[in-house]
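Each remark here refers to the structure printed beneath this line.
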Amino acid sequence: MTANHDFYIGLMTGTSLDGVDAALVDFSGGQPRLHAAVALPLGEQLRALLMQLQARSEDELHLAHMAGNALADLYAEAVSRLLVQSHLTTADIKAIGNHGQTVRHRPEVGYTVQLGNHARLAELTGITVVGDFRSRDIAAGGQGAPLVPAFHQAIFGHTGEPCVIANIGGIANITILDQSGSIIGFDTGPGNVLMDMWTLQHRGEHYDAGGAWAAQGHLQADLLQAMLSEPYFALLPPKSTGRDLFHGEWLRRQLTSYSHAPQDVQATLSALTARTLADAIRAHAPHATSVYLCGGGAHNLHLQQQLRQWLPSQRVETTAALGVDPDWVEAYAFAWLAWRCLARQPANLPEVTGAHGPRILGAIWPA
């Protein structure tokens with residue numbers, strides 16, 4: 001049944017800590033094709049442990065390895081469900097591309113850490129696993145992120161228009177495709193991470209569905225300007241960021257001199273994400289005609305509205321307009337990265353990450 005197919009599975013757990021996305025991709029044709037996808041929640045205990053590991057904690061080496069084991073078990077369950085849904089067996093899958101869960105991203109001192117226990121995942125599934133995609137780029141002097149621009153170029157680079165792919169996960173990043181062959185990509189700053197944190201603190205919910213709570217508040221211009229003074233936003237690319245910078249203490253410092261209603265803070269955090277994305281697009285992609293959103297933030301209607309206000313000259317849609325569901329773009333990307341690794345083809349873009357040159361990304365755990 002699968003003789004004419006070349007299946008890979010991509011796994012993604014992002015900065016938002018909302019769950020595992022698994023995508024089954026067929027590379028047998030001229031253009032990769034997303035065949036199926038599933039999502040699983042992390043579970044409260046694992047989510048809490050991963051949040052704890054975002055900062056220094058007691059016995060963190062042990063906790064990190066236990067979290068890696070738990071993630072591997074969840075990844076294996078996602079793979080199993082994907083195979084059942086697609087009527088495939090492990091023998092039909094060439095490899096799993098596993099991003100893992102980032103708990104430290106410190107390219108400025110030469111390392112990044114994504115948990116996931118790839119050996120355990122290979123043992124549980126009986127499928128070759130490719131992981132640790134970011135470390136080689138960092139070893140070559142790069143940021144190790146974002147890695148998705150090369151994938152965006154491969155999948156979305158033939159739209160016939162200068163456009164921007166904006167991934168809004170916990171952290172937001174953009175890929176600028178200008179049809180000339182040159183590519184710019186970098187992390188613009190917080191995506192959902194601060195909004196999710198504030199929503200959990202004040203409403204006991206993991207995210208602000210559709211941006212409805214933010215829409216009830218009023219943007220506080222003084223607070224927004226204070227947040228925009230963060231030096232990261234003024235840095236030129238290549239650059240990348242994560243919870244190492246945009247965390248609870250960062251938000252508390254911003255709020256020290258202000259007293260605003262919680263919904264007004266949420267409205268302002270939404271504006272921060274939209275404004276920093278829009279500023280980056282205006283500065284680096286002034287001729288882009290469209291902005292295509294993916295990631296969890298693509299479902300935030302209030303955020304979309306703010307982006308349209310700050311980008312009146314661009315059409316703002318989701319990647320569904322390009323034929324790819326915005327929920328699965330990143331998992332799709334890590335299947336593509338695994339495919340590139342096994343084909344011994346470079347997958348980073350030095351002009352994006354700042355690496356000294358193209359590199360084959362990923363380490364391999366054979367089945």
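Points worth noting:
- Across segment 121-169, the qualifying residues are those that are open to solvent by 10 Å² or more (accessible area, probe 1.4 Å) and of a type in the set (S, T, N, Q), and the one among them that is farthest from residue 314 (Cα to Cα) is 125.
- Candidate set: segment 1-14, residues that are buried (at least 19 other Cβ atoms within 10 Å of the Cβ) and out of contact with any Lys or Arg (no Cβ under 8 Å at 6 or more places or on another chain); chosen: the one modelled with the lowest pLDDT: 14
- The combined condition, being hydrophobic (A, V, I, L, M, F, W, C), assigned to a loop (DSSP other than H, G, I, E, B) and in contact with a strand residue (DSSP E or B) (Cβ under 9 Å, 6 or more places away or on another chain), is not fulfilled by residue 11.
- Per-region count, segment 136-183, residues of a type in the set (Val, Ile, Thr), under 14 Å from the mean Cα position of the chain (by Cα) and closer than 20 Å to residue 350 by Cβ: 4
- Residues satisfying the stated conditions in segment 255-274, i.e. in a helix (DSSP H, G or I) and either open to solvent by less than 30 Å² (accessible area, probe 1.4 Å) or among the β-branched types (Val, Ile, Thr) (or both): 264, 265, 266, 267, 268, 269, 270, 271, 272, 273, 274
- Only one of 39, 64, 23 that is in contact (Cβ under 8 Å) with a residue 40 or more places away in the chain, crowded, with 22+ Cβ neighbours inside 10 Å and touching a strand residue (DSSP E or B) at 6+ places or on another chain (Cβ under 8 Å): 23
- Candidate set from segment 52-61 (those that are open to solvent by less than 80 Å² (accessible area, probe 1.4 Å) and among the aliphatic types (A, V, I, L, M)); member that is nearest to residue 120 (Cα to Cα): 53
- Filter pass, residue 175 being open to solvent by less than 10 Å² (accessible area, probe 1.4 Å) and closer than 22 Å to residue 236 by Cβ: yes
- Only one of 164, 79 that is touching a helix residue (DSSP H, G or I) at 6+ places or on another chain (Cβ under 7 Å) and within 25 Å of residue 36 (Cβ to Cβ): 79
- Verdict on residue 17 being under 23 Å from residue 106 (Cα atoms) and touching a Lys or Arg at 6+ places or on another chain (Cβ under 7 Å): yes
- Residue selected from segment 215-245 under the condition part of a helix (DSSP H, G or I) and without any contact (Cβ under 8 Å) to a residue 12 or more places away in the chain, by the criterion least open to solvent (accessible area, probe 1.4 Å): 221
The values are calculated or read from the model by the stated rules, or taken from the named source; none is laboratory data. Note that the structure is a prediction, hence the values are computed from the model and not measured. Cβ atoms come from the backbone with ideal geometry, glycine included; neighbour counts cover every protein chain shown. Ligands, DNA and RNA are excluded from the accessible area calculation, which covers all protein heavy atoms including side chains. Shrake-Rupley method; radii C 1.70, N 1.55, O 1.52, S 1.80 Å.
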